[in-house]
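Participant: The structure is given below, and queries will be raised subsequently.
Values in this text are rule-based calculations from the coordinates and carry no lab data. As the structure is a computational prediction, the values presented were derived from the model and not from experiment.
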Amino acid sequence: MFCEHCGTNIPEGAKFCPSCGASSTGAPHTAQAVTPPPVTNTVPQAPYMAPYVQDTSPMTVGQYIVTFLLLCIPLANLVLLFVWGFGHSLNLNKRNLARAILVFAAISVILWIILGGVIAGMMSSMMGGGYYYGSY
């Protein structure tokens, strides 16, 4: 027996079509009565994937200039870098640029903390701070 809606072969006694879910009337049908739908070579796009389609086109010079000008604004640049770096619907090149700048900034902050500690230790030892052995 075949489904009236999609033409799929239904096992005897089934109440619903396993392919489309339409209810079966129970009356046997022949393959000549129902023609199967045409086969297409396109893969349907799931509706939940639509917001995550990425733009992979290269950024123009104007887009780079606007991006760098926006990164000159204090505090807003950090917010923009996180939004661009971890957003899903932006240009892939802008996202990679933002992630690279965030990694470079994190490495720079760590190096500045280490360098500041070294300089503070040197200044402390030069100014007589630190361990004082006292005089007799």
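Participant: Looking only at Cα atoms, what is the convex hull volume of the stretch 55-126 per residue, in Å³?
Facilitator: Numbers: hull volume 7.0 nm³, N = 72.
Expressed per residue, the convex hull around the Cα atoms of the stretch 55-126 is 97 Å³.
Participant: Okay, next question. Once phi is turned into θ = phi - 60°, what whole-Hz ³J(HN,Hα) does the Karplus curve with 6.51, -1.76 and 1.60 give for every residue of the stretch 10-21, x standing for Gly and Pro?
Facilitator: Here the 3J(HN,Hα) series is 9, x, 4, x, 6, 8, 9, 6, x, 8, 10, x Hz.
Participant: Amide H of Phe2 versus every other amide H placed in the peptide plane: which residues, excluding those fewer than 5 positions away on the same chain, fall under 5 Å?
Facilitator: Ile10, His29
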